[in-house]
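The values are calculated or read from the model by the stated rules, or taken from the named source; none is laboratory data. These numbers come from a predicted model, not from an experiment. So basically every Cβ, Gly included, is an ideal-geometry build from the backbone, and we count neighbours across all protein chains shown. The accessibility values were calculated without ligands, DNA or RNA, using every heavy atom of the protein model including side chains. Shrake-Rupley method; radii C 1.70, N 1.55, O 1.52, S 1.80 Å.
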Amino acid sequence: MSDAKKQILVADDEPNLRRVLSAQLTRDGYDVIAVEDGQAALEALENHHVDVVISDLRMPRVDGITLLKRVVVSHPDVPVILITAHGTVDTAVEALKLGAFDYVTKPFEQSEFRNVVHKAARTRELIEHEVSAAPTSEPGRYRIIGQSGPMLDVYQVIERVADTPSTVLLTGESGTGKELIARALHENSSRRDKPFIRVNCAAIPRDLIESELFGYEKGAFTGAVTSKPGRFELAHEGTLFLDEIGEIPVNMQVKLLRAIQEQEFERVGGIKTIRVSVRLVAATNRDLAEEIQAGRFREDLYYRLNVVQVRLPPLRERRSDIPLLVDHFVRRFRERLKKNVVGVSEPALERLLAHPWPGNIRELENVIERCLLFTDGTHILVEDLPDEVRAGASRAERAEPAAREPAGGGEGAEGTGLKEAVRQAAVRVERELIVKALEQTGGNVTHTARLLKISRKSLQTKMKELGLRED
Ligand SMILES: Nc1ncnc2c1ncn2[C@@H]1O[C@H](COP(=O)(O)OP(=O)(O)OP(=O)(O)O)[C@@H](O)[C@H]1O
Ligand SMILES: [Mg+2]
């Protein structure tokens, strides 16, 4: 922990409670600014460095919930703790959904209060640390956003294991940030100046995987006109990230196991044993236990990889991070797309909070990018959101927590109807997006394709399919 005293802003309209809280926090080693309502708190936030906000719910002028909403937007990495009276638990839960760090109920249980404040201060420190540790050449490239409980657990593991030689297995659904964490592990280790080599095991043809990993000697097979080092060699003294490890064919798994265990191997067609020092990080969105059961994954390899496991929580299990992530992506795309968007309207944020996010952070990232692409205002509004997000809370609450394939069998006429409806909606959205993009570029196909991040050729094909082009 850093030595500087943490600054805590306390907002409460009861002078007595302000005094008691200030005294206790000061005793616990914090600096305290105490103000009498939300309006004064907002002013204090503008004029002072604040690490944590503790606020009462009911206050004159600006109340606790309004204060929270403002802080989430203007100071997204300052944790807010709300003080609630008994019987206002609903409001408290509402507050968590809006991005509050936590709440405490009056009358206080001293140790509970102390714990919550300590955790909030610590979170703030971790986030600040991340910000300043980000490489300056590419600001924010390895920035991990999130201060929810599950993410704090992830940070703790990273802190503890980053600078060790231990193998780390990252698990989690698609789009939860496995690659981001793999890079963070490397960046936070003493190997950071050495290579970080990623191998996407799913993308390499089965018969090429051995030579990709271990390299080959000249003449090892037809086409091997020179010898070439593999990824293990390239990663020497650095980190080797085996992404989608669940896709490695069983016959390769034995060789991989030996390479990991002994840190030695031979190139394909070679006789010399090559020794390396490689830190291994692996990731999968498959259930490896299931893969072992099915005979597709070797148990010994699993145990070798699974020294430290980090499970990345799906976004729906840490909704309180959504406002932070939204803010992060708005900033990123605002610059990239040269827009004036500064935030999200409250109703739009509510929809974003309610959506189940089957594609996790990647889906959120794409949604924000699309919103920015097509808005000219300063705020993302409900009508800027894609249909599936706009549909809002009622539908989201009913949705399955995980985005699973529809179960086979029980899929009658209704199932087909849904699929067709989704297909039609997709076509509608696609058409709408392309038309807007064309308008924006004055009909220039090349620019439009770039804007939509698709090739010129596929844009032309799509325009034809959608009847946006005569020929
Ligand atoms: N905590 C986070 N803060 C900021 N950005 C994040 C965070 N987690 C993920 N992202 C972003 O979301 C996108 C998806 O993350 P990433 O590629 O790491 O996911 P993944 O788990 O590897 O997914 P997949 O299994 O589909 O490969 C990336 O653009 C990444 O930068
Ligand atoms: Mg990935």
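Yes/no matrix, rows are residues, columns are (1) at pLDDT 90 or above; (2) open to solvent by 10 Å² or more (accessible area, probe 1.4 Å); (3) not assigned by TED's automatic domain parsing to the domain that holds A289:
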residue: Y302; (1), (2), (3): yes, yes, no
residue: N306; (1), (2), (3): yes, yes, no
residue: D327; (1), (2), (3): yes, yes, yes
residue: V344; (1), (2), (3): yes, yes, yes
residue: R351; (1), (2), (3): yes, yes, yes
residue: A354; (1), (2), (3): yes, yes, yes
residue: I368; (1), (2), (3): yes, no, yes
residue: L381; (1), (2), (3): yes, yes, yes
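Does the stretch 247-267 contain at least one residue that is part of a helix (DSSP H, G or I), within 16 Å of ligand 2 (Cβ to nearest atom) and out of contact with any helix residue (DSSP H, G or I) (no Cβ under 6 Å at 6 or more places or on another chain)?
Looking through the stretch 247-267, at least one residue is part of a helix (DSSP H, G or I), within 16 Å of ligand 2 (Cβ to nearest atom) and out of contact with any helix residue (DSSP H, G or I) (no Cβ under 6 Å at 6 or more places or on another chain).
For residues that are in contact with a helix residue (DSSP H, G or I) (Cβ under 9 Å, 6 or more places away or on another chain) and among the basic types (K, R), scanning just the stretch 206-229, find the one that is farthest from ligand 2 (Cβ to nearest atom).
K228
Any idea which of L98, L68 is under 27 Å from the mean Cα position of the chain (by Cα) and touching a residue at least 60 places away in the same chain (Cβ under 8 Å)?
Selected residue: L98, the only one of L98, L68 that is under 27 Å from the mean Cα position of the chain (by Cα) and touching a residue at least 60 places away in the same chain (Cβ under 8 Å).
How about the stretch 20-42: which of its residues are within 14 Å of D56 (Cα to Cα), more than 35 Å from the chain's Cα centre (by Cα) and open to solvent by 40 Å² or more (accessible area, probe 1.4 Å)?
V20, E36 - these are the residues of the stretch 20-42 that are within 14 Å of D56 (Cα to Cα), more than 35 Å from the chain's Cα centre (by Cα) and open to solvent by 40 Å² or more (accessible area, probe 1.4 Å).
Restricting the stretch 268-292 to residues that are within 16 Å of ligand 1 (Cβ to nearest atom) and not in a loop (DSSP other than H, G, I, E, B), which is surrounded by the fewest Cβ atoms within 10 Å (Cβ to Cβ)?
The residue in question is E291.
Condition check ((1) closer than 15 Å to V20 by Cβ; (2) surrounded by fewer than 17 Cβ atoms within 10 Å (Cβ to Cβ)) across all residues:
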position	(1), (2)
P76	no, no
V80	no, no
A85	no, yes
E94	no, yes
Y103	no, no
P107	yes, yes
N115	no, yes
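Only residues that are away from ligand 2 (no atom under 16 Å from the Cβ) and either open to solvent by less than 20 Å² (accessible area, probe 1.4 Å) or among the aliphatic types (A, V, I, L, M) (or both): list them for the stretch 149-205, please.
Passing the criteria: M151, L152, Y155, V157, I158, V161, A162, T167, S189.
Is there a residue in the stretch 200-207 that is at pLDDT below 95, over 27 Å from G146 (Cα atoms), among the basic types (K, R) and not assigned by TED's automatic domain parsing to the domain that holds G359?
Yes, the stretch 200-207 contains at least one residue that is at pLDDT below 95, over 27 Å from G146 (Cα atoms), among the basic types (K, R) and not assigned by TED's automatic domain parsing to the domain that holds G359.
Out of L45, L17, L68, which single residue is farther than 30 Å from V330 by Cα, crowded, with 16+ Cβ neighbours inside 10 Å and assigned by TED's automatic domain parsing to the domain that holds F108?
L17
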